[in-house]
Amino acid sequence: MPKITYIEHDGAKHTVEAEIGSTVMETALRNDVTSIVAECGGSCTCATCLVHVDEAWSPVVGPPSAEEEEMLDSAFEVKPTSRLSCQIKVTEALDGLIVHTPAYQGR
Amino acid sequence: MSETIKTDVLIIGAGPIGLFAVFELGLLDIKAHLVDILDKVGGQCAELYPEKPIYDIPGIPYITGHGLTEALMQQIKPFGPAFHLGEMVTTLQKIGEPMFRVTTDRGKTFECKAVVIAAGGGSFQPKRPPINGIEPYEGKSVHYAVRKMDAFRDKRLVIVGGGDSALDWTLNLQPIAKRLTLVHRRDEFRGAPDSVNKMRALVAAGGMDLKIGQVTALEGADGQLIACSIKGNDGTLARVEVDSMLPFFGLTMKLGPVGEWGLKMEDELIPVDTAAFETSLPGLFAIGDINTYPGKLKLILSGFHEAALMAQKAHRYVFPEKKLVFQYTTSSTSLQKKLGVA
């Protein structure tokens, strides 16, 4: 199974196994990465599962869809590498992915 | 001083469970008023996933959040529920056996024999931007809603956001403001195209300013803003003098005043018994996502079940003299009359 590393704002690091076909958000919740809130449960309607994809991984993960880009307007401190983790599907290609989670998701 | 609204039951929250509670109470001749902080019914179904599919409503293989809300509104129509939308319940007091007094942030007072908290994940409230020291300005010079436009006359305004709220208030307040600056993280707007065009025309004509970036710091004293720092996406830092700021970053669910009513809480949830979904305070019920009990599942179908059992117990408080006879809608003429089908 692919491995994903979540680095929280305070430096706490979680490297966990992710199921192919699940999302980076679901994998975070299953592994108690508490800085992912995911209020809407993965509907791309709340912008509380923001992650900053590691620079090196950003081209692999790719850019947000138009719908996600609009939702990013409701997130804070959005960077060019920012994504909503509910919209990143886990694939073999993402084995080793590193994402940084923010201190604040709006609540 | 506004009048007191007297009703049998007050339901806090007009999401799917609050709506279905009207049905279950209505079958037992119990009248209900509902209060919701959103300006529309449906709760999360309306705010978070109006167009998203729900696959686990019994007997309905597929329905959207909007569709479910519409269907529930149709189902409860015979009972004529009264809605108080865009209002937040702020206080709840037990004033009799059984009698509650409930007030809202819009100055309404309700008196009722039972209260049903169907508040889901809490109340939808505006997201607070993560700017250091913003709290003391809130309500004084930082506002998340416009209640009276005149409060912004001749003021230097900064509006933050890129959706319809930000654009609508930009267009409405620009004519009366002394100067208006719109700040958004990107040079594209998801608001209505017509609003975007009007805003861009104002910028081109010099009637307002548009800055692409984010507000990073505030300056002021005693709750009154003097200026804010705007960091542009190009790395530049600008200081803009400002009297009032209006951030529009959408809504998030917060527990809200429920936590201040002296109820026993567990992780922001209200523990209830599973016979009637009543809290530790007799006559006060909690149904749907806001409650907790052994085995609780946060599903709409669980909330529907909870509403049905709640109504049976609420009947005792509303009609202590009447014996409740259990009936089926399929066969009971009396229930069918209430539903307007017999």
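Rule-based calculations on the coordinates, nothing more; no lab input. The structure displayed is predicted, hence computed values, not measured ones. Here the Cβ is made from the backbone with ideal geometry for all residues, glycine too, and neighbour counts use every protein chain on show.
Being out of contact with any helix residue (DSSP H, G or I) (no Cβ under 6 Å at 6 or more places or on another chain) and more than 25 Å from residue B:45 (Cβ to Cβ) narrows it down to one of B:137, B:144, so name that one. Show your work before the answer.
Details: B:144 fails: more than 25 Å from residue B:45 (Cβ to Cβ).
Of the residues listed, the single one that is out of contact with any helix residue (DSSP H, G or I) (no Cβ under 6 Å at 6 or more places or on another chain) and more than 25 Å from residue B:45 (Cβ to Cβ) is B:137.
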From B:201, B:217, grab the single residue that is under 30 Å from residue B:186 (Cα atoms) and either within 14 Å of another protein chain (Cβ to nearest Cβ) or in contact with a Leu (Cβ under 6 Å, 6 or more places away or on another chain) (or both).
-> B:217
Any chance residue B:280 is closer than 21 Å to residue B:93 by Cβ and among the polar types (S, T, N, Q) | yes
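Can you pull out every residue in the range B:174-184 that is surrounded by fewer than 21 Cβ atoms within 10 Å (Cβ to Cβ) and either within 14 Å of chain A (Cβ to nearest Cβ) or more than 10 Å from residue B:209 (Cβ to Cβ) (or both)?
Residues of the range B:174-184 surrounded by fewer than 21 Cβ atoms within 10 Å (Cβ to Cβ): B:174-176, B:178-179.
Those that are surrounded by fewer than 21 Cβ atoms within 10 Å (Cβ to Cβ) and either within 14 Å of chain A (Cβ to nearest Cβ) or more than 10 Å from residue B:209 (Cβ to Cβ) (or both): B:174, B:175, B:176, B:178.
Restricting to the range B:42-60, and then to whatever is buried (at least 16 other Cβ atoms within 10 Å of the Cβ) and on the phi > 0 side of the Ramachandran plot, can you tell me which residue is farthest from the chain's Cα centre (by Cα)? Quick ask: steps written out before the conclusion?
Step one: filter the range B:42-60 for residues buried (at least 16 other Cβ atoms within 10 Å of the Cβ), giving B:42-50, B:52, B:54, B:57.
In the following step, the residues that additionally are on the phi > 0 side of the Ramachandran plot were identified as B:42-43.
Numbers: B:42: 10, B:43: 7 Å.
Out of the qualifying residues, it is B:42.
Only one of these is closer than 25 Å to residue B:319 by Cβ, surrounded by fewer than 21 Cβ atoms within 10 Å (Cβ to Cβ) and not β-branched (Val, Ile, Thr): B:140, B:113, B:77. Name it.
Values: B:140 fails: closer than 25 Å to residue B:319 by Cβ; B:113 fails: surrounded by fewer than 21 Cβ atoms within 10 Å (Cβ to Cβ).
Being closer than 25 Å to residue B:319 by Cβ, surrounded by fewer than 21 Cβ atoms within 10 Å (Cβ to Cβ) and not β-branched (Val, Ile, Thr) holds for just one of B:140, B:113, B:77, which is B:77.
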Every residue from the range A:45-79 that is within 9 Å of chain B (Cβ to nearest Cβ), assigned to a loop (DSSP other than H, G, I, E, B) and either at positive phi or of a type in the set (Ser, Thr, Tyr) (or both) = A:45, A:47, A:48, A:77
Starting from residues that are within 14 Å of chain B (Cβ to nearest Cβ) and of a type in the set (Ser, Thr, Tyr), keep the ones in the range A:12-44 and report whichever is surrounded by the most Cβ atoms within 10 Å (Cβ to Cβ).
-> A:35
